[in-house]
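The values are calculated or read from the model by the stated rules, or taken from the named source; none is laboratory data. Note that the coordinates shown come from a computational prediction; the quantities given were computed from them, not determined experimentally. Don't worry about glycine lacking a Cβ; one is built from the backbone with ideal geometry, like all the others, and counts go over all protein chains shown.
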Amino acid sequence: METVVSVPGPSNPNAHSQFWRQLWSLKVPNKIRHFLWRASNDSQPTKRNLQKRNILLESTCERCGDNTEDTIHALWGCPMVKGTWWELEQCRAFLWEKFKCFRDLLQGVFAQNNSRMAELFAYIGWSIWHNRNARKFGMELIYTDAVQRLPEFHSAQDPPLTQEVATYPTHWLPPPPGFYKINYDGATFQDVAAAGLGVVAGDSDSRVIAALSERISLPPTVEALEALACRKAVAFVTDLDIQDAVFEGDSETIYKHLSSDQPSMAAIGHLVDEARKLAATLRSYQFSHVKRNGNIVAADKLAKLAKTLYEPTIWVEDIHRDVATLVVSDRSFLSY
Ligand SMILES: [Zn+2]
């Protein structure tokens with residue numbers, strides 16, 4: 001037997017996306033989630049990987065001097081790291097199991113359905129890797145360090161999350177590192193019985209990475225227009241192959257429909273449900289609401305720009321001049 005629990009096989013096609021969702025929803029610092037992600041993709045610069053790229057001539061583990069150092073050996077298989085894992089009590093039962101890759105190991109950890117254990121596991125794994133690179137502190141301190149840091153991180157994280165639910169921001173704020181924020185809006189052009197959809201994607205450094213403007217025929221209600229803009233935003237993100245996104249609009253009604261657990265019974269229900277279903281195919285996503293002032297690029301520029309467009313227009317690197325300028329002025333709001 002290679003794993004602790006049954007590894008989801010071809011009979012469980014959802015297991016793949018569920019694994020990544022579990023990974024990205026772990027309540028640990030982003031750098032640790034990124035570490036897990038790289039380790040699960042075997043893209044860490046282990047000696048084995050460097051040897052494969054002809055950077056190193058040999059791939060022997062420097063800790064034990066006895067095995068090839070691939071990801072699973074560096075983080076789990078090496079006898080020199082077993083002492084650290086032993087301290088995480090829930091790991092003891094499968095301490096000497098062999099896993100063919102780090103992802104299988106992590107999948108086994110997720111299958112324990114114990115979020116604290118998974119978070120500690122993530123911390124410890126990251127520290128073992130970090131220690132290998134930096135030799136910053138002794139292996140014997142890794143476990144205590146993880147146990148101490150986890151609650152610190154949780155208490156630092158909790159207040160902003162609750163605040164976000166309670167009050168809506170009035171200005172555009174950058175998304176967390178690693179995420180993209182996608183602002184969307186609609187504009188109506190009653191005189192020509194048309195409407196415009198605007199979508200803009202920004203990164204955590206407030207840089208615009210892509211934008212879209214599209215003219216459509218006039219929908220029956222403003223809410224339908226907002227829902228169409230949201231659905232367009234999600235579709236745009238999947239086209240761009242963005243995996244972690246915060247979708248933000250300025251319609252509180254749409255936001256409430258989007259964040260409800262129930263299927264939407266409103267006239268616009270099918271549009272909202274489609275947006276939610278499509279968003280669920282991403283690695284991680286969140287719906288967010290901002291006052292109109294914070295949505296000015298999507299609203300005042302891109303959606304309105306659509307009036308003059310006869311086909312959907314997308315900017316990926318060469319961002320529209322007006323949009324780029326507005327982002328600069330939006331950024332001046334960030335000094336709150
Ligand atoms: Zn070793």
If V81 passes every condition in (1) hydrophobic (A, V, I, L, M, F, W, C); (2) within 15 Å of the ligand (Cβ to nearest atom); (3) surrounded by fewer than 21 Cβ atoms within 10 Å (Cβ to Cβ); (4) in a helix (DSSP H, G or I) but one, which one does it miss?
-> (3)
Going through the range 267-286 one residue at a time, which ones are in a loop (DSSP other than H, G, I, E, B) and not hydroxyl-bearing (S, T, Y)?
-> A267, I268, A280, L282, R283
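Answer yes or no as to whether A39 is at pLDDT 90 or above and part of a helix (DSSP H, G or I).
When the stated conditions are applied, A39 passes them.
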List the number of the failed condition for D66; all other conditions in (1) away from the ligand (no atom under 16 Å from the Cβ); (2) in a loop (DSSP other than H, G, I, E, B) hold.
-> (1)
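Would you say W76 is in contact with a helix residue (DSSP H, G or I) (Cβ under 9 Å, 6 or more places away or on another chain), among the aromatic types (F, W, Y), modelled with pLDDT under 90 and within 16 Å of the ligand (Cβ to nearest atom)?
On the way: in contact with a helix residue (DSSP H, G or I) (Cβ under 9 Å, 6 or more places away or on another chain): yes; among the aromatic types (F, W, Y): yes; modelled with pLDDT under 90: no; within 16 Å of the ligand (Cβ to nearest atom): yes.
When the stated conditions are applied, W76 does not pass them.
State which residue is surrounded by the most Cβ atoms within 10 Å (Cβ to Cβ) when the search covers only the range 37-50 and only residues that are more than 13 Å from the chain's Cα centre (by Cα) and closer than 13 Å to R103 by Cα.
As a first pass, look at the range 37-50 and keep what is more than 13 Å from the chain's Cα centre (by Cα): 38-50.
Imposing the further condition that a residue be closer than 13 Å to R103 by Cα reduces the set to 38-44.
Values: R38: 15, A39: 25, S40: 20, N41: 12, D42: 15, S43: 11, Q44: 21.
The selected residue is A39.
Out of all the residues in the range 105-113, is one or more small (G, A, S), modelled with pLDDT of 90 or more and away from the ligand (no atom under 16 Å from the Cβ)?
Filtering the range 105-113 for residues small (G, A, S) gives 108, 111.
From what is left, the residues that are modelled with pLDDT of 90 or more are 108, 111.
Still in the running and away from the ligand (no atom under 16 Å from the Cβ): 108, 111.
Yes; the residues of the range 105-113 include at least one that is small (G, A, S), modelled with pLDDT of 90 or more and away from the ligand (no atom under 16 Å from the Cβ).
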Single residue of K82, K31, K52, K27 found to be modelled with pLDDT of 90 or more and not hydrophobic (A, V, I, L, M, F, W, C) | K82
Look at the range 221-266 and say how many of its residues are assigned to a loop (DSSP other than H, G, I, E, B), β-branched (V, I, T) and surrounded by fewer than 17 Cβ atoms within 10 Å (Cβ to Cβ).
-> 1
Give just the number: which of (1) at pLDDT below 90; (2) within 14 Å of the ligand (Cβ to nearest atom) does P45 not satisfy?
-> (2)
Among the residues of the range 206-226, is there at least one that is on the phi > 0 side of the Ramachandran plot and out of contact with any Lys or Arg (no Cβ under 6 Å at 6 or more places or on another chain)?
-> no
Of the residues that make up the range 136-154, is at least one among the aromatic types (F, W, Y), modelled with pLDDT under 90, within 16 Å of the ligand (Cβ to nearest atom) and in contact with a helix residue (DSSP H, G or I) (Cβ under 9 Å, 6 or more places away or on another chain)?
-> no
Within the range 267-292, track down each residue that is surrounded by fewer than 19 Cβ atoms within 10 Å (Cβ to Cβ), over 16 Å from E226 (Cα atoms) and not basic (K, R).
-> L278, A280, T281, S284, Q286
